[in-house]
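Accompanying notes for the structure given below.
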Amino acid sequence: MTPTPTPHVFIRAIQYAGQDEYVEIYNAGPGSQSFYGWKLQSVVGDQWYTFPWGIGLDAGSWVRVHSGPAALDAPPLHLKWSSGYIWNNEGDEARLF
């Protein structure tokens, strides 16, 4: 069973232009949140990213999931999804599960 995001965790930004695309996820608190088993979906194209074990956010913290040819890969704050483009510049939706 996939965990359901709690109201204090949300997608704060999507950067879909350029060679380093990313989705920023923010934990507004009040407590820390493990992301093990959580998933991020790009609705256009139905592409999925599954967060690895050990990724969590304290209250007030963020994590970015990167894609594209210049995708940053520097865990635990910058996680690489793919070297390919994920986000459709003409309109896409990110969902967190």
Q.
If you average the alpha carbon positions of region 21-37 and of region 83-97, how far apart do those two centres end up, in angstrom?
A. 18 Å
Q | Whole-number percent relative contact order across the chain, with pairs defined as alpha carbons under 8 Å at least 6 apart | A | 31 percent
Q: Report the extension gain between Ile11 and Ser34 in nm, rounded to one decimal, defined as 0.36 nm multiplied by the number of residues separating them, less their alpha carbon distance.
A: 6.8 nm
Q. Over the chain, what percent of the accessible surface lies on carbon and sulfur atoms, probe 1.4 Å?
A. 52 percent
Q: For Leu72 and Gln19, calculate 0.36 nm times their separation in residues minus their Cα-Cα distance, and state this gained length in nm to one decimal.
A: 18.1 nm
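Given a 1.4 Å probe, how much area per residue of the chain is accessible, in Å²? Numbers along the way, then the final one.
Details: 5300 Å² over 97 residues.
The answer is 55 Å² per residue.
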Q. Taking the chain on its own, what percent of its Cα-Cα pair distances exceed 18 Å?
A. 41 percent
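Fully extended, how many nm does the chain gain between Trp62 and Gln41 (0.36 nm per residue separation, minus their Cα-Cα distance)?
5.8 nm is the gain from fully extending Trp62 to Gln41.
The values are calculated or read from the model by the stated rules, or taken from the named source; none is laboratory data. In this text, all values refer to a predicted model and were calculated from it rather than measured experimentally. Accessible surface areas use protein heavy atoms only, side chains included; no ligands, DNA or RNA. Shrake-Rupley method; radii C 1.70, N 1.55, O 1.52, S 1.80 Å.
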